[in-house]
Amino acid sequence: MTDRQQPEIVVTGIGLFAPGGANVDAAWKTVLEGTPAAAHDPTLEEAGLDVTVSCRTPEFDPSEEIGRRAARRLDRFVQLALLASREAIDRSGLDLPTGEDPEEFGDRVGIAFGCGIGGVITWEEQHASFIEKNKVSPFMIPKMLSNMAAGQVAIELGARGPNLTVNTACAASATAIHIARDLLASGTADAMLAGGTEASITALSTAGFAKMGALSKRKDETASRPFDADRDGFVMGEGAGMLVLERAEDARARGATPLAVLAGAGSSADAHHQTSPPEEGGGAVLAMQRALADAGMDRGDIDHINAHGTSTPLNDKSESIAIRRVFGDATDQVGVSSTKGVTGHTLGAAGGIEAVFTVLALRDGVIPPTANLEQLDDEIDIDVVHGEARQGEVRAALSNSFGFGGQNASLLFRKV
């Protein structure tokens with residue numbers, strides 16, 4: 001905490017295009033029901049991989065949703081970002097004019113997205129074309145660039161404020177939301193569209209994660225099972241999740257109804273290993289502690305944690321230890337869940353998608369269940385909600401996101 005008074009930052013819009021639902025309402029319903037989105041993936045099986053399950057978004061026709069020309073020029077991760085961003089802006093009620101008048105509101109609207117991998121679908125397609133035909137598309141480079149989602153959304157919305165893309169691997173979206181909050185607090189922007197996107201379910205990327213031993217080899221919808229005694233890895237997911245953030249006074253002045261307050265944010269590095277978390281969760285501890293301190297809140301104020309909870313043996317155990325280290329004797333009063341049991345691991349998009357679910361938990365007074373959790377691991381000493389959603393007031397909640405490279409982010413939301 002600093003002595004300088006920070007303006008209150010609120011969430012005024014949310015958007016999702018995720019495994020389990022093509023919009024906020026559909027995805028939230030799936031999460032509350034604990035229905036896994038994991039399904040057999042023929043493209044992975046045809047590639048001869050042992051891993052044959054993924055969590056894809058609902059099918060859509062890019063030509064219908066974003067136009068034929070744009071569909072040809074935009075990688076799937078950009079397409080998903082556009083769909084989620086449209087919903088978030090629509091729900092927020094923001095009016096974004098697209099003229100050139102420097103006084104227009106669009107000049108004060110920024111975008112901060114997280115993306116871990118970017119246009120890997122394009123990379124693989126174009127590599128194959130180059131090897132087989134010695135040809136590549138003139139759109140190859142812009143389709144591959146991970147910053148293109150933020151750029152393309154800005155083009156569509158006429159948002160000419162700060163525009164940036166963050167890569168802290170699987171913490172990327174949460175880091176982007178943290179940065180967006182700071183840009184609003186500093187007065188650099190008046191509204192920020194923040195979150196992230198990812199679409200990297202390809203044979204090559206899946207093979208890479210599988211070779212690391214990170215992916216589940218189960219063949220059915222129960223493959224993603226965070227905190228379960230029989231978990232054996234995560235399931236590749238894709239999607240996009242977005243928040244519209246504004247200063248509270250600005251939101252109320254235009255008649256918007258805030259959904260939640262982004263009260264605090266914390267980030268840290270493990271400084272430990274490229275891909276494995278420290279057993280005692282040191283970096284995760286720092287991120288959560290810093291989010292609490294940033295919000296000026298006590299551990300006893302938190303009712304819910306949307307855990308990073310990837311379904312890997314190492315991550316889930318380390319995070320559970322970190323949670324108990326932070327919350328101590330208050331741990332048993334905190335309902336923890338991982339929505340990755342439904343969505344799989346959406347990599348760089350996870351922090352944005354799960355931030356939306358955390359806001360919804362506050363709004364609706366409900367903690368979602370952790371799908372596929374049948375037998376809690378004996379080494380997981382926290383209250384993991386499973387079986388069915390838990391009803392009750394949720395005053396404040398953390399959303400955790402941790403990435404390869406040991407990069408951690410924790411966002412703290414509270415009720416308005």
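The values are calculated or read from the model by the stated rules, or taken from the named source; none is laboratory data. All of these numbers come straight from a predicted model, not from anything done at the bench. In this analysis, Cβ positions are derived from the backbone assuming ideal geometry, glycine residues included, and neighbour counts consider all displayed protein chains.
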* Considering (1) surrounded by fewer than 18 Cβ atoms within 10 Å (Cβ to Cβ); (2) assigned to a helix (DSSP H, G or I), say which one G341 fails and leave the rest. => (1)
* Asked: Within region 15-24, is there a residue that is without any contact (Cβ under 8 Å) to a residue 40 or more places away in the chain and within 22 Å of the chain's Cα centre (by Cα)?
  -> yes
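Given the residues L411, L360, which is the only one that is under 26 Å from L80 (Cα atoms), out of contact with any Phe, Trp or Tyr (no Cβ under 7 Å at 6 or more places or on another chain) and surrounded by 22 or more Cβ atoms within 10 Å (Cβ to Cβ)? Don't jump to the end; show me each part of the working.
Numbers: L360 fails: out of contact with any Phe, Trp or Tyr (no Cβ under 7 Å at 6 or more places or on another chain).
Sole residue among the options that is under 26 Å from L80 (Cα atoms), out of contact with any Phe, Trp or Tyr (no Cβ under 7 Å at 6 or more places or on another chain) and surrounded by 22 or more Cβ atoms within 10 Å (Cβ to Cβ): L411.
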* Quick one: which residue in R69, R91, R86 is in contact (Cβ under 8 Å) with a residue 12 or more places away in the chain, part of a helix (DSSP H, G or I) and out of contact with any strand residue (DSSP E or B) (no Cβ under 6 Å at 6 or more places or on another chain)? => R86
* Name every residue in region 31-42 that is in a helix (DSSP H, G or I) and surrounded by 21 or more Cβ atoms within 10 Å (Cβ to Cβ), in order of residue number. => V31
* Of (1) touching a residue at least 40 places away in the same chain (Cβ under 8 Å); (2) farther than 30 Å from G255 by Cβ, E59 satisfies all except one. Which? -> (1)
* Structure fact -> Among residues of region 203-256 being in a helix (DSSP H, G or I) and within 22 Å of the chain's Cα centre (by Cα), the residue surrounded by the most Cβ atoms within 10 Å (Cβ to Cβ) is T206
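Pick out the one residue from L243, L292 that is touching a residue at least 12 places away in the same chain (Cβ under 8 Å), in contact with a strand residue (DSSP E or B) (Cβ under 6 Å, 6 or more places away or on another chain) and not hydroxyl-bearing (S, T, Y). Before you say what the answer is, go through the steps one by one.
Values: L292 fails: in contact with a strand residue (DSSP E or B) (Cβ under 6 Å, 6 or more places away or on another chain).
So the residue among L243, L292 that is touching a residue at least 12 places away in the same chain (Cβ under 8 Å), in contact with a strand residue (DSSP E or B) (Cβ under 6 Å, 6 or more places away or on another chain) and not hydroxyl-bearing (S, T, Y) is L243.
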* Within region 48-75, considering residues that are surrounded by 15 or more Cβ atoms within 10 Å (Cβ to Cβ) and among the hydroxyl-bearing types (S, T, Y), the one farthest from G208 (Cα to Cα) -> T57
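Among D316, D364, D301, which is closer than 22 Å to C170 by Cα and of a type in the set (D, E)?
On the way: D364 fails: closer than 22 Å to C170 by Cα; D301 fails: closer than 22 Å to C170 by Cα.
The unique qualifying residue is D316.
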* Structure fact -> Output for Cβ contacts, cut-off 6 Å, separation at least six or different chains, first residue assigned to a loop (DSSP other than H, G, I, E, B) in region 153-170, second of a type in the set (A, V, I, L, M, F, W, C) and at pLDDT 95 or above, reads A159/V109; A159/I111; G161/V109; G161/A189; P162/L183; P162/A189
* Asked: Within region 63-74, is even one residue among the basic types (K, R) and in contact with a Phe, Trp or Tyr (Cβ under 6 Å, 6 or more places away or on another chain)?
  -> yes
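Of the residues that sit in region 34-70 and are of a type in the set (S, T, N, Q) and within 22 Å of the chain's Cα centre (by Cα), which one is farthest from S311 (Cα to Cα)?
Among those residues, the one meeting the criterion is T57.
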* Would you call L193 in a strand (DSSP E or B) and closer than 20 Å to V356 by Cα? -> yes
* Asked: Looking at (1) among the small types (G, A, S); (2) assigned to a loop (DSSP other than H, G, I, E, B); (3) more than 18 Å from A171 (Cβ to Cβ), can you tell me which one A293 breaks?
  -> (2)
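Please work out if M236 is over 30 Å from G161 (Cα atoms), out of contact with any helix residue (DSSP H, G or I) (no Cβ under 8 Å at 6 or more places or on another chain), in contact (Cβ under 8 Å) with a residue 40 or more places away in the chain and among the hydrophobic types (A, V, I, L, M, F, W, C).
Details: over 30 Å from G161 (Cα atoms): yes; out of contact with any helix residue (DSSP H, G or I) (no Cβ under 8 Å at 6 or more places or on another chain): no; in contact (Cβ under 8 Å) with a residue 40 or more places away in the chain: yes; among the hydrophobic types (A, V, I, L, M, F, W, C): yes.
So M236 fails the test.
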* Does at least one position in region 20-33 carry a residue that is modelled with pLDDT of 95 or more and under 17 Å from D220 (Cα atoms)? -> yes
* Asked: Does region 270-280 contain any residue that is among the aliphatic types (A, V, I, L, M) and closer than 24 Å to L398 by Cα?
  -> yes
* To do: Would you mind finding the one in G282, G365 that is over 15 Å from L411 (Cβ atoms), surrounded by fewer than 22 Cβ atoms within 10 Å (Cβ to Cβ) and touching a strand residue (DSSP E or B) at 6+ places or on another chain (Cβ under 7 Å)?
  => G365
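Select from region 301-337 the residues that are among the acidic types (D, E), part of a helix (DSSP H, G or I), closer than 22 Å to R414 by Cα and touching a residue at least 12 places away in the same chain (Cβ under 8 Å) and list them in ascending order. Before you say what the answer is, go through the steps one by one.
Our first condition is that a residue be among the acidic types (D, E); within region 301-337, this holds for 301, 303, 316, 319, 329, 332.
In the following step, the residues that additionally are part of a helix (DSSP H, G or I) were identified as 301, 316, 319, 329, 332.
Adding the requirement that they be closer than 22 Å to R414 by Cα leaves 301, 319, 329, 332.
Residues satisfying the conditions are D301, E319, D332.
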* Asked: Pick from region 157-180 the residues that are within 20 Å of A269 (Cβ to Cβ) and surrounded by fewer than 24 Cβ atoms within 10 Å (Cβ to Cβ): which of them is farthest from the chain's Cα centre (by Cα)?
  -> L164
